[in-house]
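**Q** This is the structure, below, for whatever I ask next.
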Amino acid sequence: MELTAEQRTIRDVVREFAVEELREGAQEADKTETFPEDLWDGLAELDLTGLTVPLEYGGYEADRVTYALVNEEVAYGQLAVATALSVHCLATSCLSEFGTDEQKEQWLPEMATGRPVGMFCLSEPEAGSNPAEMSTTAIREGDEYVLNGRKQWITNGQRGEVAIVFAKTDPEDDGSVTQFLVPKSTAGVEVGKKEEKLGLRASDTTQLTFDDVRIPAENRLTAEGRGLSAAFHILTGGRVGIAAQAVGVAQAAFDQARTYAHEREQFDAPISEIQTIRHKFAEMATQIEASRGLVHEAARQDDAGEDNRVTAAMAKYFASEAAVDVANEAVQIHGGYGYMSEFDVERFYRDAKITTIYEGTSEIQKEIIARGVLD
Amino acid sequence: MMKVLVTVKEVAEVEEDFVLDGTRIDDRFLEYDLNEWDDYAIETAVQLAEAGDDVEVVSATIGPERCEETIRMALAKGVDRGIRVWDDTLASVDLLDVNAKTEIFNAIIAEEEPDLILTGVQAHDDSFGATGVSVADAAGYEWAAVVNALDLDADAGVAHVRRELEGGVEELTDVELPAVLTIQTGINEPRYASLRGIRMAQRKEIAQQTLDDLGLDEGAVESQITLTDMYEPESESDVELFEGDADAAAASLASVLREKGVGAQ
């Protein structure tokens, strides 16, 4: 796909930032399970935290192709940071699309500069792929809504300050899911325990509980019952970004494996000359190119105003599965060293897996694709 | 109003494995990027613009269309406008030497009349390391080379600079404006271009100029020097393993270092 000069430059600058800054601290952040706030400041200086904030509120208002390019490159550096960024972007997207002028004015200019950090609270312990089964409620009382419930796997849970929360206004009605804006400082919002994860360990993932949390009625971002379709709409946009992140992780694993295969000598020659290894690279490269192609096509469709739901799902499904495969082979190519945490591929292998799960599992993506091609 | 001119160069970086073809390295082994020293010069200029009330920063380069990306990056970091000099005559020149660059930049200086000119100490690829000072001489400007700290007093028309000398010695010098400063790496921390900067840069002007536009002819870029050969020097490596406990190993290492001239007393 032909990129504009502006898009090319952005890709190159973010790639440089990823290599010089994000990758540098990745191992330490993973090991200590600490989100690298200084790198977040760096993202903000590059205007990346305002990626999906409209121009009039001080953001960059990126087209979807640019959004995908940025996500790929940030993930190339450190997936945990890319995840935090894309969730922040989901939150600013919700505010941009559904907030009142007053709410946008209040939150977006600051969020564009990096803080407060946004959160997106949809999943619950008992409601993952089917969010309609959620049990969090928001009951109207006069000029307020009162929220009760528990949200799970909230990225930026500890560090975030602005939550987009989905809750039912009628506990008996699965069709009553509604979207709310909840500042974390509101009384009754509690941050739960930090989750221990296989990968993405630097990402700040917690539960968030709501115990009689009272918010003004104007913090309702969508009409009662319109929350889920809003969530799906925003997630479809974000999905291209997640797919792009998977491409970034795969490319990172590929590049490390390539360097290693050229340096590592066995049987008196670099292992990059051994056919079984060469064919691995052929497969990995093909998977990455195909993934990137799907991501760019899904982004292009979005920018052209076409319905990209099926392509976005294809991109997310294919790119995330490819990332797992490529990271797996990258470890294999490294042999025993690949199993050691001193080597980045070990982390890529653990990190890659989440991309097939979050923001719509591969199984859910296939459902969306099947619906698109069959029904 | 103060005007700062930053001369920049897109340099070729040679890949690890390459093949020499006479006195050339084929394009497929080269990658092009902004000269590292120039990045620091740009940052110096942009910081001056941010600190001052009315400072215009202009960047100039000599090079083909490909270089627009490099100069556009300078614009994205805060440079106001760019000048790129190129034409068929320049394209046909084998070796653009210091004299030629001096002629071209001197013509730009005559047009722009900058108060301060910043260049990198040297270019990463041809490493002449002379253009900045040569330009100062031709333009009749004061100059200071290898500057690693700058405190500009624009009102008094003086640049207080610190220069890095060999052997860990540094000196402080006052240079009267207009002046050329060749900027050393480490003087600052060059920023990354921001997304908004990149977007704005697409709309900033890069004026393309030919030798003719600058009032120069072919003679200006004829080189007095000829590149006669290019080769990869034989490299040797040697390993010496120190035996014994830490004290013994340290003593052996110290004597080797002394032999090699490190830490001379």
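**Q** From the list B:GLU50, B:GLU16, pick out the single residue that is free of Cβ contacts under 8 Å to residues at least 12 places away in the same chain, open to solvent by 30 Å² or more (accessible area, probe 1.4 Å) and on the phi < 0 side of the Ramachandran plot.
**A** B:GLU16
**Q** Exactly one condition in (1) open to solvent by less than 30 Å² (accessible area, probe 1.4 Å); (2) modelled with pLDDT under 95 is false for A:ASP375; which is it?
**A** (1)
**Q** For segment B:159-182, does any single residue satisfy the condition of being within 23 Å of B:ALA76 (Cα to Cα) and at pLDDT 95 or above?
**A** Yes, the conditions are met somewhere in segment B:159-182.
**Q** Suppose we filter A:ALA5, A:ALA26 for residues that are in contact with a Lys or Arg (Cβ under 8 Å, 6 or more places away or on another chain), modelled with pLDDT under 95 and either facing chain B (nearest Cβ under 10 Å) or within 24 Å of A:GLY199 (Cβ to Cβ) (or both); which single one remains?
**A** That would be A:ALA5, the only listed residue that is in contact with a Lys or Arg (Cβ under 8 Å, 6 or more places away or on another chain), modelled with pLDDT under 95 and either facing chain B (nearest Cβ under 10 Å) or within 24 Å of A:GLY199 (Cβ to Cβ) (or both).
**Q** Here's something else I'd like to know. Among the residues of segment A:29-68, how many are crowded, with 16+ Cβ neighbours inside 10 Å, of a type in the set (A, V, I, L, M) and within 13 Å of chain B (Cβ to nearest Cβ)?
**A** 8
**Q** Mind checking which pairs have a first residue in segment A:328-340 that is closer than 17 Å to A:PRO270 by Cα and a second that is modelled with pLDDT under 95 and surrounded by 15 or more Cβ atoms within 10 Å (Cβ to Cβ), Cβ under 7 Å, 6 or more apart or different chains?
**A** Filtered contacts from segment A:328-340: no entries.
**Q** If you take the residues of segment B:22-45 that are of a type in the set (A, V, I, L, M) and not in a strand (DSSP E or B), which of them is farthest from B:GLY78 (Cα to Cα)?
**A** Among residues in segment B:22-45 that are of a type in the set (A, V, I, L, M) and not in a strand (DSSP E or B), the one farthest from B:GLY78 (Cα to Cα) is B:ALA41.
**Q** Turning to a different aspect of this structure: Take segment A:8-23 and flag every residue that is open to solvent by 30 Å² or more (accessible area, probe 1.4 Å) and within 12 Å of chain B (Cβ to nearest Cβ).
**A** A:ARG8, A:ARG11, A:ASP12, A:ARG15, A:GLU16, A:VAL19, A:GLU20, A:GLU21
**Q** Within segment A:351-366, how many residues turn out to be aliphatic (A, V, I, L, M) and touching a helix residue (DSSP H, G or I) at 6+ places or on another chain (Cβ under 7 Å)?
**A** The total comes to 1.
**Q** Which of the numbered conditions does A:ALA187 fail, given that it passes all the others? Conditions: (1) open to solvent by 30 Å² or more (accessible area, probe 1.4 Å); (2) of a type in the set (Gly, Ala, Ser); (3) touching a helix residue (DSSP H, G or I) at 6+ places or on another chain (Cβ under 9 Å).
**A** That leaves (3) as the condition not met.
**Q** Another one. Given the options A:PHE281, A:PHE318, A:PHE343, A:PHE348, name the one that is farther than 22 Å from A:ALA82 by Cβ and modelled with pLDDT of 95 or more.
**A** It is A:PHE281.
**Q** Give the residues of segment A:190-218 that are open to solvent by less than 40 Å² (accessible area, probe 1.4 Å) and of a type in the set (Val, Ile, Thr), sorted by residue number.
**A** A:THR205, A:THR206, A:THR209, A:VAL213, A:ILE215 - these are the residues of segment A:190-218 that are open to solvent by less than 40 Å² (accessible area, probe 1.4 Å) and of a type in the set (Val, Ile, Thr).
**Q** Here is a list: B:GLU166, B:GLU171, B:GLU205. Which entry is touching a residue at least 40 places away in the same chain (Cβ under 8 Å), more than 14 Å from chain A (Cβ to nearest Cβ), open to solvent by 30 Å² or more (accessible area, probe 1.4 Å) and out of contact with any Asp or Glu (no Cβ under 8 Å at 6 or more places or on another chain)?
**A** Every option except B:GLU205 fails the conditions.
**Q** Let me ask something else. What is the one condition in (1) within 14 Å of chain A (Cβ to nearest Cβ); (2) over 24 Å from the mean Cα position of the chain (by Cα) that B:PRO190 does not satisfy?
**A** It fails just one condition, (2).
**Q** If you go through segment B:62-82 one residue at a time, how many are within 12 Å of chain A (Cβ to nearest Cβ) and either touching a residue at least 60 places away in the same chain (Cβ under 8 Å) or part of a strand (DSSP E or B) (or both)?
**A** The total comes to 9.
The values are calculated or read from the model by the stated rules, or taken from the named source; none is laboratory data. Predicted model, so just to flag it, every value in this text is computed and none were measured. Virtual Cβ from ideal backbone geometry, glycine too; neighbours counted across all protein chains shown. Protein only, heavy atoms only, side chains kept; ligands, DNA and RNA dropped before computing areas. Shrake-Rupley method; radii C 1.70, N 1.55, O 1.52, S 1.80 Å.
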